[in-house]
Ligand SMILES: Nc1ncnc2c1ncn2[C@@H]1O[C@H](COP(=O)(O)OP(=O)(O)OP(=O)(O)O)[C@@H](O)[C@H]1O
Ligand SMILES: [Mg+2]
């Protein structure tokens, strides 16, 4: 029996009159990599932001393990410690070195000593292949390197689940590969991941399940094989065809 | 509160007269500052090396020293060289010379933003350097400078409030006189502040209106970048 | 009296000019920063109050506001002209410094705040460790400009009888009947103070600048 880490039930989010999604259900099991795909403006980012409590859903519940994090009186900061988030535009802290970026949460949230934090941060940086860039500032790193620091920063908190919001879509084609490689390794190591991406190669190879979202609804979800080879809905086939066509070229360049 | 409101009735005429002088100081200072500031900006951007340097020095000195000191040099110092002005003329001069340094910087910013390319375009159709400046660069630069330049009238209006220290009979001087008759310094200066605020807000509204009127679509520094 | 004595008499007012500046500028920074934090992070009502403070205080000529505050303070507590003048000047400057800090906070906030919260930092921690350190760097150039203005505005306390540079220039000008020389000397000293300060803050800006490869 697989153990659910993240359970989303009946989630509804609106901005004013604008309904972003309604009655959304999604379960993420331990060790799984779930890839969410869907057209722009569908609410993928909003969903991830809800999970990380960066914005509040209007209705519905989210459980992290057995804890309902959407319940009133939840300690948001406590919850976020256990959920790692990687952003499309990296969002490294510009005034801190790579090491400083990874250490901040360790010293200020986990209250590790400076030495412990440094040791742990260096370990995480070497996991993403950047131990030798520890004292570089974000402005001195390439986009791909910045994003790997972003991943190390999230990993350092030993999260139960990692959220990725289009982690490679702000990168030049030749830098996408190094970030995907890090993510692939993470998945193999058994990290639970919820990934919004249009990198179909990654989805096909790494995802346990692919979720296709459109206009605030989950149209279809299934294994890569089901989704790519015999999708139930035409919309899914259409979208996958379009996206593979569109991004396929970029992916080849990246390899 | 009632006594305080009473000040406006009791000294209203004086305040109005003073406010008139204040506006006059602002207008004259702004005009002198504009003409001189424009010359400084052109000198800095297009003059020969020595003139560029002189203009830069002028701007640095007038921005780097208090207006009050500049005012005292002109009003109390220059007569020793046989150059004497009345209080009001000394104030016009000090405000104008000072404002010129700031206005020059606004104009220089927009002249730089127009850039060398427009100059080349002008020269390429056979205009002389100064013709290109007059017909191509300046018409654009002046409009482009308007948003940042429109701080200057308000800034200058507030700056004029120090010239009562050489006994120019502006709003502040009227306030001081009223204060010494009532001995309610705080109350009187508060009333004076209200009159200044009204002038500042009115001027601000006027400038915003003018800015909207003279706006050319697609032409401002923001959309340019 | 030779020129050396003449000049050193005026220059001795520098202590007061620098003193006034060193009180007014940090006082204004402290008040301005607190108000800016309320403005940006304090919700709608606080923002409205701060906006009003800013609009009114920046709409009144500094000398008028200085006089109001000076006489109000002097009426309430027994302070020397030096202290009352310096603190009043600090309040005058606070509205301008609030706008500087607010601008810097706003241009750092948003995404950086969100990223910090995503790591698990509390709102206060995120502001303290992520937003402020970056905002400070952004604020230095406009703040340097404000510092120059406060040095220059410190000459206004001349009117309150504080024996700073301008006052001393006036006194010695009167006794020697050499006003031009006296005020020119004062101008030179102010100019040096302003240039020195600007240069120092430039240096600080460079020192604090975050390394990056273009
Ligand atoms: N803070 C907000 N206030 C109001 N509307 C918002 C806000 N954030 C997002 N939206 C709206 O919500 C909708 C979904 O946005 P979201 O960013 O979640 O889409 P997305 O699926 O991530 O798209 P993309 O692929 O472009 O990133 C959009 O129409 C967007 O305009
Ligand atoms: Mg998105």
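The values are calculated or read from the model by the stated rules, or taken from the named source; none is laboratory data. Computed from a prediction, not measured in an experiment: that's the story for all the values here. We place every Cβ from the backbone using ideal geometry, glycine too, and count neighbours over all the protein chains shown.
Can you pull out every residue in segment B:22-56 that is surrounded by fewer than 19 Cβ atoms within 10 Å (Cβ to Cβ) and within 11 Å of chain C (Cβ to nearest Cβ)? Within segment B:22-56, no residue meets the criteria.
Go through segment A:34-52 and give me each residue that's closer than 15 Å to residue A:162 by Cβ, away from chain C (no Cβ under 14 Å) and within 10 Å of ligand 1 (Cβ to nearest atom).
Within segment A:34-52, A:36, A:47 qualify.
With the requirement that a residue be touching a residue at least 24 places away in the same chain (Cβ under 8 Å), closer than 18 Å to residue C:18 by Cα and within 9 Å of chain B (Cβ to nearest Cβ), what does segment C:179-188 give you? If the condition is that a residue be touching a residue at least 24 places away in the same chain (Cβ under 8 Å), closer than 18 Å to residue C:18 by Cα and within 9 Å of chain B (Cβ to nearest Cβ), then C:186 is the only one that fits.
Evaluated against (1) in a helix (DSSP H, G or I); (2) surrounded by 15 or more Cβ atoms within 10 Å (Cβ to Cβ); (3) away from chain B (no Cβ under 14 Å), residue C:79 falls short on exactly one condition, (1).
Among the residues of segment B:203-222, is there at least one that is farther than 30 Å from residue B:20 by Cα, away from chain C (no Cβ under 11 Å), surrounded by 14 or more Cβ atoms within 10 Å (Cβ to Cβ) and within 23 Å of the chain's Cα centre (by Cα)? For segment B:203-222, residues farther than 30 Å from residue B:20 by Cα, away from chain C (no Cβ under 11 Å), surrounded by 14 or more Cβ atoms within 10 Å (Cβ to Cβ) and within 23 Å of the chain's Cα centre (by Cα): present.
The helices (runs of 4 or more DSSP H) found wholly in segment B:80-160 and carrying at least 2 residues that are closer than 21 Å to residue B:204 by Cα occupy B:87-124, B:138-149, B:151-159.
Criterion first (within 16 Å of ligand 1 (Cβ to nearest atom) and crowded, with 23+ Cβ neighbours inside 10 Å) does residue A:212 satisfy it? Yes: the conditions hold for residue A:212. Can you tell me which residues in segment C:141-173 are at the interface with another protein chain (Cβ under 9 Å from one of its Cβ atoms) and more than 13 Å from residue B:66 (Cα to Cα)? Those that are at the interface with another protein chain (Cβ under 9 Å from one of its Cβ atoms) and more than 13 Å from residue B:66 (Cα to Cα): C:159, C:169, C:170, C:173. Just one of the numbered conditions (1) within 12 Å of another protein chain (Cβ to nearest Cβ); (2) within 27 Å of residue C:83 (Cβ to Cβ); (3) surrounded by fewer than 18 Cβ atoms within 10 Å (Cβ to Cβ) is not true of residue C:176: (2).
Among the residues of segment C:147-162, the ones that are in contact (Cβ under 8 Å) with a residue 60 or more places away in the chain and either surrounded by 18 or more Cβ atoms within 10 Å (Cβ to Cβ) or touching a strand residue (DSSP E or B) at 6+ places or on another chain (Cβ under 7 Å) (or both) come to 11 in all.
Only one entry of A:239, A:233, A:228 meets the criterion of being more than 16 Å from ligand 1 (Cβ to nearest atom), modelled with pLDDT under 95 and buried (at least 17 other Cβ atoms within 10 Å of the Cβ), and that entry is A:228. For segment A:73-95, taking the residues that are in contact with a helix residue (DSSP H, G or I) (Cβ under 6 Å, 6 or more places away or on another chain) and assigned to a loop (DSSP other than H, G, I, E, B), the one that is farthest from residue A:163 (Cα to Cα) is identified as A:95. Scanning segment A:55-92 for residues that are surrounded by 20 or more Cβ atoms within 10 Å (Cβ to Cβ) and within 13 Å of ligand 2 (Cβ to nearest atom), we see that the one that is nearest to the other protein chains (Cβ to nearest Cβ) is A:85. Selection within segment B:185-225: residues that are in a loop (DSSP other than H, G, I, E, B) and in contact with a helix residue (DSSP H, G or I) (Cβ under 8 Å, 6 or more places away or on another chain). The member of this set that is modelled with the highest pLDDT is B:214.
Residue A:6 meets the stated requirement of being touching a strand residue (DSSP E or B) at 6+ places or on another chain (Cβ under 7 Å), at pLDDT 90 or above, farther than 21 Å from residue A:240 by Cα and not in a loop (DSSP other than H, G, I, E, B). Restricting B:92, B:76, B:106 to residues that are buried (at least 18 other Cβ atoms within 10 Å of the Cβ) and within 13 Å of chain C (Cβ to nearest Cβ) narrows the list to B:76. Just so you know, in segment A:6-23 the residues that are more than 12 Å from ligand 1 (Cβ to nearest atom) and more than 16 Å from the chain's Cα centre (by Cα) include one that is nearest to the other protein chains (Cβ to nearest Cβ), and it is A:11.
Return the residues of segment A:148-174 that are on the phi < 0 side of the Ramachandran plot, within 16 Å of ligand 1 (Cβ to nearest atom) and away from every other protein chain (no Cβ under 11 Å); say none if nothing qualifies. A:164, A:167, A:168, A:169, A:170, A:171, listed by residue number.
Could you tell me whether any residue of segment C:107-120 is closer than 30 Å to residue A:50 by Cα, in contact with a helix residue (DSSP H, G or I) (Cβ under 8 Å, 6 or more places away or on another chain), surrounded by fewer than 18 Cβ atoms within 10 Å (Cβ to Cβ) and more than 10 Å from every other protein chain (Cβ to nearest Cβ)? Taking every residue of segment C:107-120 in turn, at least one turns out to be closer than 30 Å to residue A:50 by Cα, in contact with a helix residue (DSSP H, G or I) (Cβ under 8 Å, 6 or more places away or on another chain), surrounded by fewer than 18 Cβ atoms within 10 Å (Cβ to Cβ) and more than 10 Å from every other protein chain (Cβ to nearest Cβ).
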